[in-house]
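*Asks:* Got a structure for you, written out below as structure tokens; questions coming shortly.
The values are calculated or read from the model by the stated rules, or taken from the named source; none is laboratory data. What you see is a predicted model, and the numbers here were worked out from it, not measured in a lab. Heads up, the Cβs are rebuilt from the backbone with ideal geometry, glycines too, and the neighbour counts pull from every protein chain shown. Remember, those area values only see protein heavy atoms, side chains included, never the ligands or the DNA or RNA. Shrake-Rupley method; radii C 1.70, N 1.55, O 1.52, S 1.80 Å.
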Amino acid sequence: MKIKEQEIKSWIKDRIKQKEIDKYTEDGKDFIDDNKIQEKLKKNLNADVKKVEDILSKSLEIETLSLDETATLLNVKDFELLEKMKNTALKIKKKVYDNRIVTFAPLYMCNYCVNDCLYCGFRKSNTKATRRILSLEEVKEESKVLAGDIGHKRLIVVYGEYPLTDVNYMKDTIQVIYDTKVKIKNGFGQIRRVNVNAPPLSIEELKILHDVGIGTFQVFQETYHHDTYKKLHPQGTIKGNYKWRLYGMHRAMEAGVDDVGLGALFGLYNWKFEVMGLVAHSRELEDKFGIGAHTISFPRLEPAYNSPYTQNSKYKVSDEDFMKLVTVIRLSVPYTGMIITAREPEDIRRKSLSLGITQTDASTRIGIGAYSEKVNRQESEKQQFLLGDTRSLDEVIKEFADMGYITSFCTAGYRCGRTGKCIMDLLKSGQEGNYCKLNAVLTFREWIDDFASQETLKSAEKIINKEIKEIKQQMPKVYPKFIDYYNKIKNGERDLYF
Ligand code: SAM
Ligand code: SF4
């Protein structure tokens, strides 16, 4: 697929709509004040036990913490206090999400990109990368494997920034995914929620994605630290504009996409600063739109092909600090969904579950077109970075079930309007849990009957029976309708939900 250099240049020139930055800034300033964040991190040291406990009580009430409170928690060193923080993080997760975990798969659509982020294997100046854009037919093939063979119901589709993969390509590829139905044991396998990780878009473009029916729209700020951002994203590239990216979520909200996903790439700058940035960003969205981050992601920098920066960064985050940052994010933004990906190795993914993680990918392949290729190769020049966990969805689900977690394939929330502010209020009050508990069992039953191996089936039955007992005790009024749906699903009916 060829496009002239001149056409690319004029496309880049029109990308950033300055008006869609200026309408949100105050006197040209954005809401991330680097000096204030540094001051707060320096000031809130050595808090006494009582102060930390008061902050933890606020988190337990599912209230977003202030930046001072977040800084206090980030600076805790005392072993016992840290344990208390971890225990509270788990309590919050149980209160809001109980023992449910959501799984998804990433689907990389293309790896052409006009930007030049120093840490990314897809960057323009990486002449050693093999470039590819999936055709609509290829997207269909990938979707068939994901929905028909593996049994995924949710995807996150990932795009670089390039004229041939602009919003029209995004719209068409997402439509193909929703339209792909594959005959499986009982009925059809189909992707029911497509989340998007893409470059920042204009309000008009975001409305197009809203109309296709996307789930969450994710844009990671990478680093909230202005100077570091400047160094890693060359000026003159689209991504070089910090504010265009920072206000991408404001524009999404305005366009009606009210489930937005924030993230920082940990390892580019000081990890405590990045957590403060994420909390500030979520608070800003709550202030301006009444809705905070639907999800927060915290990928750690991974080695990428022909990208020496990824090996040399002095801000790489240790496993110990990673666990702490996961804990503090759960405590500071208690209602948010927290995503850990297969970039992380198995043991880290396992440990972080008890600190508040709610979503994870499995059976992951990040090479372009890799799901429909017969052999699973981690081809370095075709993918963005190397994976830490390549286990199948079946293996991951068995492990979750053995640990007492139920995998939910529920996508009802967004299909019946429980999104944005509505879902936030339900999550904060604990009411969303009622729908979720029922839908988790129903969708898990579907999945195990259609896709599970014999070993996974055994582990899954145990957890399902426990859940059904709890539903009978805790929700006697809805139980009859629930058990009717459950039995219908066992007999092969599909897609019944509350
Ligand atoms: N091109 C879009 C953008 O940059 O916003 C979205 C796609 S990009 C492939 C998705 C995310 O991958 C980035 O936001 C970045 O956080 C992450 N990423 C890039 N290089 C990485 C690396 N070496 N290790 C881990 N994550 C990386
Ligand atoms: Fe392009 Fe995104 Fe990679 Fe940057 S991180 S080079 S914008 S794909």
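*Asks:* Which of the helices (runs of 4 or more DSSP H) found entirely inside the range 153-256 contain at least 3 residues meeting this: within 16 Å of ligand 2 (Cβ to nearest atom)? Spell out the reasoning first.
*Replies:* Details: elements: 167-179, 203-212, 226-232, 242-246, 248-254.
Those helices (runs of 4 or more DSSP H) span 167-179, 226-232, 242-246.
*Asks:* Would you list the helices (runs of 4 or more DSSP H) that sit entirely within the range 383-443 and hold 2 or more residues that are at pLDDT below 60?
*Replies:* So the answer is 412-415, 420-429.
*Asks:* Turning to a different aspect of this structure: If you scan the range 25-70, which residues turn out to be part of a loop (DSSP other than H, G, I, E, B) and within 22 Å of GLU286 (Cβ to Cβ)? Please lay out each step first, then the result.
*Replies:* Within the range 25-70, the subset part of a loop (DSSP other than H, G, I, E, B) is 25, 27-28, 30-33, 44-48, 61-66.
Matches in the range 25-70: THR25, ASP30, PHE31, ILE32, ASP33, ASN44, GLU61, ILE62, GLU63, THR64, LEU65, SER66.
*Asks:* Just to be sure, is ASN99 surrounded by 17 or more Cβ atoms within 10 Å (Cβ to Cβ) and more than 16 Å from ligand 2 (Cβ to nearest atom)? Walk me through how you get there before you give the answer.
*Replies:* On the way: surrounded by 17 or more Cβ atoms within 10 Å (Cβ to Cβ): yes; more than 16 Å from ligand 2 (Cβ to nearest atom): yes.
Spelling it out, ASN99 is indeed surrounded by 17 or more Cβ atoms within 10 Å (Cβ to Cβ) and more than 16 Å from ligand 2 (Cβ to nearest atom).
*Asks:* Can you tell me which residue is nearest to ligand 2 (Cβ to nearest atom) among those in the range 288-316 that are farther than 30 Å from THR25 by Cβ and touching a strand residue (DSSP E or B) at 6+ places or on another chain (Cβ under 8 Å)? Give the derivation first.
*Replies:* Step one: of the range 288-316, the residues farther than 30 Å from THR25 by Cβ are 300, 302-308, 310-312, 314, 316.
Then drop every residue that is not touching a strand residue (DSSP E or B) at 6+ places or on another chain (Cβ under 8 Å), which leaves 300, 310, 316.
Values: ARG300: 15, THR310: 12, LYS316: 18 Å.
Result: THR310.
*Asks:* If you don't mind, another one. Go through (1) within 17 Å of the chain's Cα centre (by Cα); (2) open to solvent by less than 10 Å² (accessible area, probe 1.4 Å) one by one and return the number of the condition ARG192 breaks.
*Replies:* With (1) within 17 Å of the chain's Cα centre (by Cα); (2) open to solvent by less than 10 Å² (accessible area, probe 1.4 Å) applied to ARG192, the lone miss is (2).
*Asks:* Would you tally the residues in the range 72-125 being within 16 Å of ligand 1 (Cβ to nearest atom) and either assigned to a helix (DSSP H, G or I) or not acidic (Asp, Glu) (or both)? Before the answer, list the steps.
*Replies:* Step one: filter the range 72-125 for residues within 16 Å of ligand 1 (Cβ to nearest atom), giving 104-125.
With the extra rule that they be either assigned to a helix (DSSP H, G or I) or not acidic (Asp, Glu) (or both), the set shrinks to 104-115, 117-125.
Residues flagged as within 16 Å of ligand 1 (Cβ to nearest atom) and either assigned to a helix (DSSP H, G or I) or not acidic (Asp, Glu) (or both) within the range 72-125 amount to 21.
*Asks:* List every residue pair whose Cβ atoms lie under 9 Å apart, where the two residues are 6 or more positions apart in sequence or sit on different chains, the first residue falls within the range 20-31 and is at negative phi, and the second residue, located anywhere, is open to solvent by 80 Å² or more (accessible area, probe 1.4 Å).
*Replies:* If the second residue must be open to solvent by 80 Å² or more (accessible area, probe 1.4 Å), the pairs left are GLU20/GLU254; TYR24/LYS288; PHE31/ARG283; PHE31/ASP287.
*Asks:* Quick one: how many residues across the range 278-296 are within 15 Å of ligand 1 (Cβ to nearest atom) and surrounded by fewer than 23 Cβ atoms within 10 Å (Cβ to Cβ)?
*Replies:* So the count comes out to 1.
*Asks:* THR358 - would you say it is of a type outside the set (Lys, Arg), surrounded by 22 or more Cβ atoms within 10 Å (Cβ to Cβ) and at pLDDT 90 or above? Lay out the reasoning, then the answer.
*Replies:* Working: of a type outside the set (Lys, Arg): yes; surrounded by 22 or more Cβ atoms within 10 Å (Cβ to Cβ): no; at pLDDT 90 or above: yes.
Criteria not met by THR358.
*Asks:* Then there's this: For the range 282-302, give me the residue count where each residue is over 16 Å from ASP319 (Cα atoms) and more than 16 Å from the chain's Cα centre (by Cα).
*Replies:* Residues flagged as over 16 Å from ASP319 (Cα atoms) and more than 16 Å from the chain's Cα centre (by Cα) within the range 282-302 amount to 9.
*Asks:* Quick check: is even one residue across the range 119-131 among the hydroxyl-bearing types (Ser, Thr, Tyr), within 18 Å of the chain's Cα centre (by Cα) and within 13 Å of ligand 2 (Cβ to nearest atom)? Walk me through it before giving the result.
*Replies:* If we filter the range 119-131 for residues that are among the hydroxyl-bearing types (Ser, Thr, Tyr), which is where we start, we get 119, 125, 127, 130.
Next cut, within 18 Å of the chain's Cα centre (by Cα) only: none.
The answer is no, given that none of the residues of the range 119-131 is among the hydroxyl-bearing types (Ser, Thr, Tyr), within 18 Å of the chain's Cα centre (by Cα) and within 13 Å of ligand 2 (Cβ to nearest atom).
*Asks:* Just the residues that are over 22 Å from VAL102 (Cβ atoms), crowded, with 21+ Cβ neighbours inside 10 Å and either of a type in the set (Val, Ile, Thr) or more than 16 Å from ligand 1 (Cβ to nearest atom) (or both), please, taken from the range 138-172.
*Replies:* VAL139, THR165
*Asks:* Just need a number here: residues in the range 206-236 that are within 14 Å of ligand 1 (Cβ to nearest atom) and open to solvent by 30 Å² or more (accessible area, probe 1.4 Å).
*Replies:* 1
*Asks:* Condition first: open to solvent by less than 10 Å² (accessible area, probe 1.4 Å) and among the polar types (S, T, N, Q). Now tell me which residues in the range 329-355 satisfy that.
*Replies:* Answer for the range 329-355, where residues must be open to solvent by less than 10 Å² (accessible area, probe 1.4 Å) and among the polar types (S, T, N, Q): SER332, THR336, SER352.
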